[in-house]
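Here's the structure we're looking at; comments come further down.
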Amino acid sequence: MTKKSILLVLVLAFSSILAACGSYKFEPTLNLEVQDFTVTNQKNEQVTLDDLKGKPWLAMFIFTNCTTICPPMTFNMTEVQQALQDEGLEDYQIVAFSVDPEVDKPDVLTNYLNTYNVVDESKWQLLTGYQQKFIEQFARKSFNSLVKNDPNSDQVIHMSSYYLVNTDGTVVKDYDGATNVPVETIVGDMKALIKESK
């Protein structure tokens, strides 16, 4: 092989590496339609599914009296948001559905969020203003997620996933939100969805 041929092979190989780095491919793993809703956020404002459409969002299920997975899930979400901001991403929202709506009134949710170092609170929607039965059915139908009262305590059983919802209100992917959070993957997926919506 001549020097010219070797050089050509090296150039082509380097070009393909660069191309791979610049072409992140989003692979949806879910296809769940979020059911319509009208609820209340931490600012005591009404929020509907239509209000959230047009931008991709990350959803999770938490409650303020949680003694197990909710604090790390919420903290991890602040880390995800920091990573999104570091990438210069703006067109997204973070949506947390309370699984204990009787306790989690808007002011309680506001105080809860204030205990975390949140880089941009304007992107957070902490939702309440519904019955316990609603959130149990909504979580199951919209996210294929378990929410259930624990009859032996004041705790609520729920899953520790984050859910990526596209601009049309379809759940397209889920991630571990409590341990080993795939922050880089979430940022890459969010970037791809934001790019698709332009």
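The values are calculated or read from the model by the stated rules, or taken from the named source; none is laboratory data. Just so we're clear, the structure is a prediction, and the values are computed from it rather than from any experiment. Here Cβ is always computed from backbone atoms with ideal geometry, including for glycine, and neighbour counts include all displayed protein chains. These accessible areas exclude ligands, DNA and RNA; they are computed on the full protein's heavy atoms, side chains included. Shrake-Rupley method; radii C 1.70, N 1.55, O 1.52, S 1.80 Å.
Quick notes on this one:
- Per residue, the accessible area of the chain comes to 53 Å² when a 1.4 Å probe rolls over the protein heavy atoms.
- Using a simple spin-label model with pseudo-atoms 7 Å out from Cα toward Cβ, Ser197 and Thr110 lie 2.6 nm apart.
- Sulfur and carbon atoms: percent of accessible area, the chain [1.4 Å]: 52 percent
- When the Cα positions of Pro72, Thr179, Leu193 are compared along the charge dipole of the chain, Leu193 comes out farthest toward the positive end, with charges on each C-beta of Lys, Arg, Asp and Glu.
- Spherically averaged projected area of the stretch 45-145 from its Cα convex hull (nm²): 6.5 nm²
- Each pair of Cα atoms in the stretch 128-198 enters the Kirkwood radius, and Stokes-Einstein at 4 °C and 1.567 mPa s then converts it into a translational diffusion coefficient of 93 µm²/s.
- When only the Cβ of Lys, Arg, Asp and Glu is charged (+1, +1, -1, -1), the dipole of the chain relative to its Cα centre reaches about 840 debye.
- Taking label points 7 Å from Cα along the Cα-to-Cβ direction, Glu45 and Asp176 give a separation of 3.5 nm.
- The protection proxy used here, the mean number of other Cβ atoms lying within 10 Å of each residue, ranks peptides 97-108, 118-129 as follows, highest first: 97-108, 118-129.
- Per residue convex hull volume, Cα atoms of the chain, in Å³: 136 Å³
- Length available on full extension from Glu102 to Glu87: 0.36 nm per residue minus the Cα-Cα distance, which gives 1.7 nm.
- Prolate/oblate/rounded label for the stretch 46-91 (Cα gyration tensor, a/c 1.5): oblate
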